[in-house]
Amino acid sequence: MKVVVVTRSGRELIKGGLELDDSATVADLQEAIHRRTRKYYPSRQRLTLSLQPGSKEKPTVLHYRKSLKEYCCGNSDNLTVVFKDLGPQVSYRTLFFFEYLGPLLIYPIFYYLPVYQYFGYKGERVVHPVQTYATYYWCFHYFKRIMETFFVHRFSHATSPLSNVFRNCAYYWTFGAYVAYYVNHPFYTPVCDLQMKIGFGFGLLCQISNFYCHILLRNLRRPDGNGGYQIPCGFLFNIVTCANYTTEIYQWLGFNIATQTVAGYVFLVVAASIMTNWALAKHRRLRRLFDGKDGRPKYPRRWVILPPFL
Amino acid sequence: MASFSSVLRRVYLTLYNWTVFVGWFQVLYLALKTLKESGHEHVYDAVERPLLLTQSAAVLEILHGLVGLVRSPITATLPQIGSRLYVAWGILWSFPETRSHILVSSLVISWSITEIIRYSFFGTKEALGSAPSFLMWLRYSTFLLLYPIGISSEVGLIYVGLPYIKESEKYCIRMPNKWNFSFDYFYFAILVLGFYVPGSPHMYTYMLGQRKKALAKSKEE
């Protein structure tokens, strides 16, 4: 079969098109494009069916697993696909590794090294126990995240745009430095012992729960990262759609109860609002998908992310 | 019911736009009068009350965008109004030493001319359903000159204010305190100056896009 690959402006990407087997899949087409263009490796390509000019519909994105025949009109042997360059891509593991590595390295710098003398604080620094525990807690959290990235998470999308690395690193690294600056400050005022124990105890409990939530989510996906959407169930997922985000938010709340800094609470609010957006989108998607019609299960009534508020 | 709410919306926006227009007209009149009679050192003292009042009234524009009364995106209105409020209250009102600078005159005049045109344009549009073409042209062309003057004056005044901000330690919060928080207004002012670097071209190109769209539309009609 013949496949014509055009850009969104209508220019032919590969002159004369491509000749492929009748049994070829979208993945084969992507490989063929890659062989001819070199620059555009498969994960950098987004292929869609061409639309009529002036059409307001969303274009159909070609799924790499499907056969090209499925996208042909009738029994035609010709197919025109629209190519979009998604830009340089990196694997999600690389993205997560670098965004979590920053806070893991930056925070201890403020704790162990005499950085505050460069901010004009000349005196001897008294280190409070809460500052030590906070450093261990923080480093454990980001070490856990890195380990989960490599050994627990299964990704439905293989790659992410390279620009996301810079954006996400800016977010995590800046907040890492911002929180570390105040928690390790020479003029830091610690909370009472009981408040510290409650905060770190609750936070640690949430971190362990978060790890278990990630294990449950991992088991919903096949090892290759596929398996489509399923209704998460078990443990906190029986009451909350995004229990992984719930435990993430509450473990930062624990950290902030123990350390009591405005910077920490700012980080908590920003992170919670980002995760709430993701959770609302996922909740809507699951409810739309599992509507109880045509033999599909009905999505149960659950909190979205933050019981008892949302 | 829907028609009543749309009438109410139009009446409110007409009143709002013309009220603020009067405020800015007063600012321009007082600024030019003082500039002619007493020189640029006294411009701020003459316009302080109407300037702060009308500039603060612009906060309602952000609310209008948020509740959907107007279509203008919050990403365009928030930085513009935010920066102006910061200069008006955070620099000129807070640090009297900056008030006698020549840049205050260029700032006040560029702001007021821009706003007189803008509010009369929107006021006419809300009241009559459309604005005359000359007003449309002014609305989408005068910014080409007035924006750079206004932005340069804003940046200049923040820069002029920096030594006074540092010296006075006004609005600073120092550690130790219960919430382990500190705030240095001097560094905040530098941060605001930093935001002007990407913010100014963004606003200018946004307005150029709006101009292209609006003038093309008026040609079609």
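The values are calculated or read from the model by the stated rules, or taken from the named source; none is laboratory data. Everything numeric here is computed off the predicted structure, so don't read it as measured data. Cβ atoms come from the backbone with ideal geometry, glycine included; neighbour counts cover every protein chain shown. The protein model used for the area step is the full one, side chains on, heavy atoms only, and it has no ligands, DNA or RNA in it. Shrake-Rupley method; radii C 1.70, N 1.55, O 1.52, S 1.80 Å.
Using the Karplus relation 6.51 cos²θ - 1.76 cosθ + 1.60 with θ = phi - 60°, the per-residue 3J(HN,Hα) values for region B:118-132 come to 5, 6, 5, 4, 5, x, 5, 4, 6, 6, 9, x, 8, 10, x Hz, with x marking Gly and Pro. Annotation: the antiparallel percentage among DSSP beta bridges lying fully within the protein assembly as shown is about 70. For chain A, the longest principal axis of the alpha carbon atoms and the long axis of helix A:193-218 meet at an angle near 20°.
The distance linking region A:1-19 with region A:61-115 is 24 Å (Cα centroid to Cα centroid, whole angstrom). Put simply, the amide H of A:VAL90, placed in the peptide plane, has neighbours under 5 Å in A:SER160, A:LEU162, leaving out anything fewer than 5 places away on its chain. Split chain A at each of the GluC sites (Glu not before Pro) in a DSSP loop with at most 11 other beta carbon atoms within 10 Å, and the longest piece is A:125-310. Can you tell which of B:LEU128, B:LEU92, B:LEU103 shows the greatest fluctuation in a Gaussian network model of chain B with Cα springs below 10 Å? Residue with maximal mean-square fluctuation among B:LEU128, B:LEU92, B:LEU103: B:LEU128. Of all DSSP-defined beta bridges confined to region A:2-87, some 60% are antiparallel rather than parallel. Charging the Cβ of each Asp and Glu at -1 and of each Lys and Arg at +1, and nothing else, the dipole of region A:115-234 about its Cα centre rounds to 240 debye.
Applying both filters, DSSP loop and at most 11 other Cβ atoms within 10 Å, to the trypsin sites (Lys or Arg not before Pro) of region B:109-196 gives B:ARG174, B:LYS178. So if I take the centroid of the Cα atoms in region A:257-304 and the same for region A:169-234, what is the distance between those two points in Å? If we compute the Cα centre of each part, the gap is 15 Å.
Along the positive direction of the dipole of the protein assembly as shown (beta-carbon charges: Lys, Arg +1; Asp, Glu -1; about the Cα centre), which of B:SER38, B:THR114, B:THR75 reaches farthest? Positive-most Cα among the choices belongs to B:THR75. When both region B:116-174 and region B:79-110 are represented by their alpha-carbon centers, they are found 10 Å apart. Would you mind classifying region A:2-87 by shape? Square roots of the alpha carbon gyration tensor eigenvalues, ordered a ≥ b ≥ c; an a/c under 1.5 is rounded, otherwise it is prolate if a/b is larger than b/c and oblate if not. Rounded. Charged side chains reduced to their Cβ positions (Lys and Arg at +1, Asp and Glu at -1) give the protein assembly as shown a dipole of some 1620 debye around its Cα centre.
Using a probe of 1.4 angstrom, how much of the accessible area of region A:46-187 is carbon and sulfur, in percent? Of the solvent-accessible surface of region A:46-187, carbon and sulfur hold 63 percent. The lysine pair count for chain B, using Cα distances under 29 Å and pairs eight or more places apart or on different chains, is 6. Can you bin region A:158-310 into rounded, prolate or oblate? Criterion: square roots of the alpha carbon gyration tensor eigenvalues sorted a ≥ b ≥ c, rounded for a/c under 1.5, prolate for a/b above b/c, oblate for the rest. Prolate is the answer for region A:158-310, as a/c is 1.5 or above and a/b outweighs b/c. The alpha-carbon positions of region B:1-218 define a convex hull whose volume is 140 Å³ per residue. Tell me whether the protein assembly as shown comes out rounded, prolate or oblate; compute the Cα gyration tensor, take square roots of the eigenvalues as a ≥ b ≥ c, and use a/c under 1.5 as the rounded threshold. Because a/c hits 1.5 or more and a/b fails to exceed b/c, the protein assembly as shown counts as oblate.
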